[in-house]
Amino acid sequence: MNRATKAIIYKENLVHNISQIKNLVGKDTKICIAVKADSYGHNSILTSKIAEEIGIEYLAVATIGEAFELREAGIKSKILLLSLCTPEEFEDIFKLDLIPLVFTKEYIQGLSDAADKFYKNDSKKVAVHLAVDTGMGRIGCYANEAGEQAKLINSKNHLVLKGMCTHFAVSDSLTEENQIFTKNQYDNFVLAVENVKKEGINPGICHCGSSAALLNNKEMHFDMVRPGIITYGYYPDEITQEYLYSKGVNIDLKPVLAFETKVVAIRHFEKGKTISYGRTYACPEDTDIAVLPIGYADGLLRRFSPEGKVTINGKLYPICGRICMDQCMVNIGKNNPDVKLWDKVVIFGPSQSGALMTADDYAKIGNTISYEVLTSISKRVERVVEG
Ligand SMILES: *Cc1c(COP(=O)(O)O)cnc(C)c1O
């Protein structure tokens, strides 16, 4: 395919970010990269292959379908299944050799029944990780139940506890209150691990930190960290590079994805003529408008107008009028010698792409987070590896 609208994946930046993470956590801490949601829009097959090439042992997905794609593509790494599924999917966990998170009695029993049916007299043990809810209010047992749950798991013919985990609710916030909450979650997780050990059970690989805690709470790395967004070059919410430098944490991340298109028409409009649906934009003077073949169905969301700007040959130009499903318009000014038909247009991306905006800038405009901006890039946008 040669569609102008595409997402360029800068391999060198991905490799750079992963080595930055490796340096920061040290060689004794395992890394599990979150490749859910198609690697936050970066194509999970491409990124998982690169991660595997450079020795990443664990990947994390949210759904069975995501894991299926990776296995089909020949990915051999260990894969954690972060979200729960229903009994109809349990067999796929075994077929795809996934490590599920578990915690309710019903889930453990259902999984065990399915494993008994699947493995019969085989001595195979399915590794599971016990999820602990220390304050996220999503999945996990409470710390005081962890010992019982671990016993239940290891009492099953075909299940074995190989890890424990929890997830922080506010580790990306720097307020004192939220930092204390995170510390309490961590302490509660340590307690859960102790409770499992007290039963004489090996808790396996313990992990709790996603990107934010990985960067900001070095003491909470445990045996493994689960970075997502920083792998793709963006800092989680309030944790910025400047803040980390001030704490003596040396890290430098580079956005991996450039969202690009090209100018497909340049049209002249007189002052007062309106552009796009709803006639929300009237040309403030005689001007030229470039038409771009990119719209909200590609992931350039409607809420990115009117503040959104695109980069063409090193300068920013405003998106004008509503963003349509497949197209949008930008005001390039009258007789602008800097913008020609078929020129490359960058919505956001790393510096190599020439972009003057990042997914974080778009997140601010759209009142959201870089995660959502990146995962909104849709299926019809081809991901192309550079380098
Ligand atoms: C998505 C997710 C991560 C990664 O989060 P980031 O903030 O992108 O680093 C880690 N752990 C769990 C359980 C997740 O759901």
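Laboratory data are not the source of any read-out in this text; all were calculated from the coordinates shown. Given the structure is predicted, the values throughout are model-derived calculations rather than measurements. Cβ placement follows ideal geometry from the backbone for every residue including glycine, while neighbour counts extend to all protein chains displayed.
Annotation: amide H of residue 309 within the under-5 Å range of 319, sequence separation 5 or more or interchain, hydrogens built in the peptide plane.
Can you give me the Cα centroid spacing of region 250-275 and region 58-123 in angstrom? Using only Cα atoms to place each centre, the spacing works out to 42 Å. Across all directions, the average projected area of the convex hull around the alpha carbons of the chain is 21.1 nm². Alpha-carbon geometry of region 247-337: the Rg and the Dmax are 15.5, 55 Å, given in that order. For residue 384, the residues whose modelled amide H falls within less than 5 Å of its own, excluding neighbours fewer than 5 places apart on the same chain, are 7, 8, 9. Look at where the Cα atoms of region 360-387 and of region 300-326 average out, and the two centres are 14 Å apart. For residue 44, neighbours were defined as the other residues whose beta-carbon sits under 12 Å from its Cβ, and their charges (Lys and Arg +1, Asp and Glu -1) total -1. Global size of region 123-270: 20.6, 79 Å for Rg and Dmax (C-alpha atoms, Rg to one decimal, Dmax whole).
What you get for the chain, charging only the Cβ of Lys and Arg (+1) and of Asp and Glu (-1), is a dipole of about 720 debye around the Cα centre. Among 231, 86, a tally of other beta-carbon atoms within 10 Å of each Cβ gives an order, fewest to most, of 86, 231.
The overall shape of region 3-45 is oblate: from the C-alpha gyration tensor, with semi-axes ordered a ≥ b ≥ c, the ratio a/c is 1.5 or greater and a/b is no larger than b/c. Restricting region 18-122 to trypsin sites (Lys or Arg not before Pro) that sit in a DSSP loop and have at most 13 other Cβ atoms within 10 Å of their own Cβ leaves 27, 76, 120. Pairs exceeding 27 Å between alpha-carbon atoms, taken from 11/247; 36/344; 11/315; 36/309: 11/247; 36/344; 36/309.
Think of the chain as a dipole: +1 on every Lys or Arg Cβ, -1 on every Asp or Glu Cβ, centred on the Cα centre; then among 365, 193, 295, 295 lies furthest on the positive end.
For region 122-139, putting each phi into the Karplus relation 6.51 cos²θ - 1.76 cosθ + 1.60 with θ = phi - 60° gives couplings of 4, 8, 3, 10, 8, 6, 10, 10, 8, 8, 10, 8, 9, x, 6, x, 10, 10 Hz, in residue order, rounded to whole numbers and with x for Gly and Pro.
Here each label is just a point 7 Å from Cα along the line to Cβ, and for residue 378 and residue 53 those points are 3.1 nm apart.
Among the trypsin sites (Lys or Arg not before Pro) within region 187-274, those in coil by DSSP and having at most 10 neighbouring Cβ atoms inside 10 Å are 271. Each residue of region 301-308 was assigned a 3J(HN,Hα) from its phi angle through the Karplus expression (A = 6.51, B = -1.76, C = 1.60, θ = phi - 60°), giving 5, 4, 6, 7, 10, x, 7, x Hz with x at Gly and Pro. Within the chain, the longest run free of chymotrypsin sites (Phe, Trp or Tyr not before Pro) that sit in a DSSP loop with at most 15 other Cβ atoms within 10 Å is 143-341.
Global size of region 1-121: 16.5, 55 Å for Rg and Dmax (C-alpha atoms, Rg to one decimal, Dmax whole). Coupling constants for region 200-207 follow from the phi torsions by the Karplus curve (6.51 cos²θ - 1.76 cosθ + 1.60, θ = phi - 60°), and in residue order they are x, 10, 6, x, x, 7, 9, 8 Hz; glycine and proline get x.
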